[in-house]
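Reviewing the structure listed below.
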Amino acid sequence: MNLKEFRTNNRLTVADVASSLGITRQHVYEIERGSAYPSRKLALRIEEATKGAVTLRDLFPKDAK
């Protein structure tokens, strides 16, 4: 599941997610669109915060460089 799916399924706003992760709303949008990728540390925090619903594999697709 990607971050946007998780967020919408759990009725969370971008601001909710950004606040819980300590990042900006803009960065959340960029991660959801795939125009930016989280650092490994942030990716682990996302996986923890979503209780494994969004995995590292979801955040870093195969074609990402």
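The values are calculated or read from the model by the stated rules, or taken from the named source; none is laboratory data. Keep in mind that what you see is a predicted model, and the values were worked out from it rather than measured. So basically every Cβ, Gly included, is an ideal-geometry build from the backbone, and we count neighbours across all protein chains shown. Note: accessible area is taken over every heavy atom of the protein model, side chains too, but ligands, DNA and RNA are not part of it. Shrake-Rupley method; radii C 1.70, N 1.55, O 1.52, S 1.80 Å.
Listed by first and then second residue, the pairs linking a residue in region 46-59 that is farther than 18 Å from Ala36 by Cβ and acidic (Asp, Glu) to a residue that is open to solvent by less than 40 Å² (accessible area, probe 1.4 Å) and modelled with pLDDT of 95 or more, with Cβ atoms under 7 Å apart and 6 or more places separating them unless they lie on different chains, form an empty list.
Scanning region 41-54 for residues that are closer than 21 Å to Arg11 by Cα and open to solvent by 40 Å² or more (accessible area, probe 1.4 Å) gives Arg45, Glu47, Glu48, Ala49, Lys51.
Taking each residue of region 4-25 that is open to solvent by 30 Å² or more (accessible area, probe 1.4 Å) and looking for partners that are at pLDDT 95 or above and acidic (Asp, Glu) with beta-carbon atoms closer than 7 Å, six or more apart or interchain, yields Lys4/Glu32.
Name the single residue that is surrounded by the most Cβ atoms within 10 Å (Cβ to Cβ) among those in region 31-40 being closer than 17 Å to Thr55 by Cα and not β-branched (Val, Ile, Thr). Applying the filter and picking the extreme gives Pro38.
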